[in-house]
Amino acid sequence: MVSGFASFSDLPATLRTLYIDQGIGEYTNTQLALSVGAVVNASRIVLLVIAIWLSSSRLRAGKLAWPVPLIAGAVSLLIVIASVLVAIVADPALAAYVAQLPAS
């Protein structure tokens, strides 16, 4: 859950590299990618703090605690996927790339 903070802090550069590697062109929606990266990092930090707090509370109460970080990780993954998908789909360069693809 802690890994990836640097990548999301500089999401425009990460997406730019992805676009170039895939032959899509240049990622242009930098402001949105910066916002998405900040939202993803903030949500991951909040989920981590909640998972630590709930797990320690459950351990003190003598209950099972292992599902808490697992669920927090799954929720974090869903937030990351949805947020990055928004940043990618909202980019005009992707729309231009898809428009120039031959119809099958």
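Tabulated values for the structure
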{"quantity": "Considering residues of the stretch 42-86 that are touching a Pro at 6+ places or on another chain (Cβ under 9 Å) and among the small types (Gly, Ala, Ser) only, the residue farthest from Leu18 (Cα to Cα)", "calculated": "Ser55"}
{"quantity": "Conditions (1) out of contact with any helix residue (DSSP H, G or I) (no Cβ under 9 Å at 6 or more places or on another chain); (2) among the hydroxyl-bearing types (Ser, Thr, Tyr); (3) touching a residue at least 40 places away in the same chain (Cβ under 8 Å); number of the one not met by Tyr19", "calculated": "(1)"}
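Residue-wise test of (1) more than 23 Å from the chain's Cα centre (by Cα); (2) loosely packed, with under 11 Cβ neighbours inside 10 Å; (3) farther than 20 Å from Asn41 by Cα; (4) not hydrophobic (A, V, I, L, M, F, W, C).
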{"residue": "Leu59", "(1), (2), (3), (4)": "yes, no, yes, no"}
{"residue": "Pro67", "(1), (2), (3), (4)": "no, no, yes, yes"}
{"residue": "Ser76", "(1), (2), (3), (4)": "no, no, no, yes"}
{"residue": "Val84", "(1), (2), (3), (4)": "no, no, no, no"}
{"residue": "Ser104", "(1), (2), (3), (4)": "yes, yes, yes, yes"}
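Here is a yes/no grid of residues against (1) part of a helix (DSSP H, G or I); (2) not small (Gly, Ala, Ser):
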| residue | (1), (2) |
| --- | --- |
| Ala33 | yes, no |
| Ala38 | yes, no |
| Leu48 | yes, yes |
| Ile52 | yes, yes |
| Gly62 | no, no |
| Gly73 | yes, no |
| Ser76 | yes, no |
| Val80 | yes, yes |
| Val84 | yes, yes |
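Each reported figure results from applying straightforward, stated rules to the coordinates on display, with no laboratory input. Please read these numbers as outputs of a predicted model, since none were measured by experiment. Virtual Cβ from ideal backbone geometry, glycine too; neighbours counted across all protein chains shown.
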